Amino acid sequence: MAPNQVKSFPSVPLKDELDIVIPTIRSLDFLEVWRPFFEPYHLIIVQDGDPTKVIKVPDGFDYDLYNRNDINRILGPKASCISFKDGGCRCFGFLVSKKKYIYTVDDDCFVAKDPNGKDINTVEQHLLNLKTPSTPFFFNTLYDPYREGADFVRGYPFSLREGVPTAVSHGLWLNIPDYDAPTQLVKPLERNTRYVDAVMTIPKGAFYPMCAMNLAFDRELIGPAMYFGLMGDGQPISRYDDMLAGWCSKLICDHLNLGVKTGLPYLWHSKASNPFVNLKKEYKGLFWQEEIIPFFQTLTLPKECDTAAKCYVELAKLIKEKLNHIDPYIVRLADAMITWIDAWEDFNPPAEAVPAVANAKKDAVPPKKSK
Ligand SMILES: O=c1ccn([C@@H]2O[C@H](COP(=O)(O)OP(=O)(O)O[C@H]3O[C@@H](CO)[C@H](O)[C@H]3O)[C@@H](O)[C@H]2O)c(=O)[nH]1
Ligand SMILES: [Mn+2]
């Protein structure tokens, strides 16, 4: 069946293909409303903050929960690359998962309803987005041609209609939009009530502010690039975890001819984090990005970089070399990017890796398992 004939998607949960990663420093009570959609899947919960705090997981879910002690024990010195006191800690879950797809969601997000009043199964829509091609080279004005009731419009080159594999699916949010602190401060009461029934490929060469609140990706295609940086405790910046991963993963997707989609599915974001606290955490990012983003926009990776991991190592080197004048932190970040790839390859050995390395991880003490 040609890709543009994929019009619907079996609602049977693909539990062997996807893990759900949740960072939390608060509570997991939100899982109750997601139960119909999440219960079939394995959850990887990354508990941030005080590891002695007991965070209750509602009964009936299949999960692994990792706190900071687990991360330190499992990664050893390489744990230094995983943020503490920042939602970016979630990338530890991406590292230890063995599934092809990841869906990551924040603990203050709830099930939204579509205009017909139907509960939105975000997992199902993300899987549809990821399992159908993207069209980064030529914009289809009727948006995603692989969706029910859409197709390529007149003038769309037939040579491009196969599309490319989709690596990232970026979902959106009703109610509290993902605004930065200054915008939150001047528009504290603004709520997003606009449901746009569209999924579109972000064109090659265009970057975007990737929000991790409602995000899915193909680990096998782009996993190594989904490092959420060194943020939070002990770092000069926070809340740019997903932004960093967004810039890096989009550059690498463009280089490897992989696609990134944004739009459906929506979820309901309920909690506005404190804008004054957020401003203190993210303000350096507001002006650093004015220099970092043009760096990404003008960067070309060598053609020898033919995997996400190789691209990422090269990118870390270029960031260290070209951006270190911004702040000494950039050097630490670039080094942490390399540590991340080392840790990634410990857990996800490349085909030619020595089996002994892979076995070493089998001795790692298992985390707290579901009942
Ligand atoms: O120190 C922390 C802070 C938060 N978390 C967990 O991370 C997510 C997001 O936290 P929160 O909802 O407070 O932040 P938002 O501003 O609404 O979210 C956006 O900002 C980014 C912050 O990194 C995030 O990726 C975006 O979605 C929650 O699950 C918190 O529990 C944490 O683990 N440690
Ligand atoms: Mn939130």
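General remarks:
- To the nearest 10, the accessible area of E39 is 70 Å² with a 1.4 Å probe.
- Around the amide H of G232, modelled in the peptide plane, lie the amide H atoms of I237, S238, R239, all under 5 Å away and 5 or more residues distant in sequence or on another chain.
- Neighbour cut-off at most 11 other Cβ (10 Å), DSSP loop, trypsin sites (Lys or Arg not before Pro), region 87-163: K98, K118, R154
- At the residue level, V186 shows approximately 110 square angstrom of accessible surface with a 1.4 angstrom probe and all protein chains present.
- Under 5 Å from the amide H of G163 lies no amide H of any residue 5 or more positions distant or on a separate chain, with H modelled from the backbone and absent for Pro and chain starts.
- Amide proton proximity set for L174, modelled H, under 5 Å, gap of 5+: L267, W268, H269
- For trypsin sites (Lys or Arg not before Pro), the sites in region 187-266 that DSSP calls loop and that have at most 15 other Cβ atoms within 10 Å are R191, R194.
- The slack between N257 and F158, meaning 0.36 nm per residue of separation minus the straight C-alpha distance, is 33.9 nm.
- Links that overshoot a 23 Å alpha carbon limit, given the list K99/K261; K131/K250; K56/K113; K78/K310; K99/K131: K56/K113
- Each peptide in 305-312, 228-235 gets a packing score, the mean of other Cβ atoms within 10 Å over its residues, and the list from highest to lowest is 228-235, 305-312.
- Listed as lacking a disulfide-compatible partner in the chain: C81, C89, C91, C109, C211, C248, C253, by the criterion of no other cysteine Cβ under 4.7 Å.
- Loop-located GluC sites (Glu not before Pro) in region 138-244 (DSSP state other than H, G, I, E, B) with a sparse environment of at most 16 neighbouring Cβ atoms within 10 Å: E148, E162, E190.
- Gyration tensor verdict on the chain (Cα atoms; rounded if a/c is under 1.5, prolate if a/b is larger than b/c, oblate otherwise): rounded
- DSSP-defined beta bridges in region 17-365 - what % are antiparallel, rounded to 5: 40
The values are calculated or read from the model by the stated rules, or taken from the named source; none is laboratory data. Just so we're clear, the structure is a prediction, and the values are computed from it rather than from any experiment. Cβ sites come from the backbone with ideal geometry, for glycine too, and all protein chains shown count toward neighbours. To get the accessible areas, we keep the full protein, side chains included, count just its heavy atoms, and leave off ligands, DNA and RNA. Shrake-Rupley method; radii C 1.70, N 1.55, O 1.52, S 1.80 Å.
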